[in-house]
Amino acid sequence: MVDELTESQLLRWIPLLPLLAATIHGVCLAVLRRSLPRGAVILLSCGAVIASFVISFVALIELIGVQGERVLVDNVFTWIGSGSFSAEAAFLLDPLSAAMSLMVTGVGSLIHIYSIGYMDEDHREDKGFQRFFCFMNLFMFAMLTLVLGDNLLLMFLGWEGVGLCSYLLIGFWYADRFNAYCGSKAFIVNRIGDF
């Protein structure tokens, strides 16, 4: 890490908002055993990703105004600390990660909006509409953690999250055996690639 970095507590909200939306969906589905109305699911899921896009844009403007080395850092907390080794849960924004976070949140917002129509016909008993958007928000969190992670450990966590969400989204239509097979195949190939 470089000395004299500009601190910004704005960066944590870029991945945190999709995670909060996914957590709310997960608590509703797994703990409360109730699904939210479709309008609330759409507002929560799409709103979180669009808000992350807006915050990414504001962070880019803040990055442009930085004198010297154009880097913003947000040290959230010490994740792992043992002796002289320390791994921070921290996010870093430089010109490359700013471009990537804008692309991920911008395209992700469009995909979320498209998914409203894509999932419109889904009226299954297993609360699939909300579960789908829960997986999508979790995917956005993992992708943004991968893009903004300040250290390799946090980036690896984001990478593994992307792999897990790929499995969940590819195998979403699990009643069709081929889709379930493709989800499992993606998960196994991802593990081989990680190795």
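Before moving on, here are some points about what is shown:
- Output for the range 31-53, where each listed residue is open to solvent by 70 Å² or more (accessible area, probe 1.4 Å) and not in a helix (DSSP H, G or I): Leu32, Arg33, Arg34, Pro37
- Residue tally, condition more than 24 Å from Gly106 (Cβ to Cβ) and open to solvent by less than 40 Å² (accessible area, probe 1.4 Å), over the range 143-178: 2
- Subset tally (residues that are open to solvent by less than 60 Å² (accessible area, probe 1.4 Å) and either at pLDDT below 95 or under 14 Å from the mean Cα position of the chain (by Cα) (or both)) for the range 99-142: 29
- Among the criteria (1) closer than 30 Å to Leu96 by Cβ; (2) in contact with a Ser or Thr (Cβ under 9 Å, 6 or more places away or on another chain); (3) touching a residue at least 40 places away in the same chain (Cβ under 8 Å), the one Arg131 does not fulfil is (1).
- Hey, Gly68 assigned to a loop (DSSP other than H, G, I, E, B) and more than 16 Å from the chain's Cα centre (by Cα) or not: yes
- Hits in the range 26-55 - residues which are at pLDDT below 95, in contact with a helix residue (DSSP H, G or I) (Cβ under 9 Å, 6 or more places away or on another chain) and over 14 Å from Phe133 (Cα atoms): Arg34
- Matching entry among Asp122, Asp150 (being farther than 23 Å from Ala87 by Cα and of a type in the set (Asp, Glu)): Asp122
- Output for the range 54-94, where each listed residue is open to solvent by 70 Å² or more (accessible area, probe 1.4 Å) and within 15 Å of Leu144 (Cα to Cα): Val54, Phe57
- Test for Leu164: is it aliphatic (A, V, I, L, M) and either over 28 Å from Leu36 (Cα atoms) or in a loop (DSSP other than H, G, I, E, B) (or both): no
The values are calculated or read from the model by the stated rules, or taken from the named source; none is laboratory data. Computed from a predicted model, the values in this text were never measured in an experiment. Positions of Cβ are generated from backbone atoms using ideal geometry, with glycine treated the same way; all protein chains shown enter the neighbour counts. Surface accessibility is based on the protein's heavy atoms, side chains included, excluding ligands, DNA and RNA. Shrake-Rupley method; radii C 1.70, N 1.55, O 1.52, S 1.80 Å.
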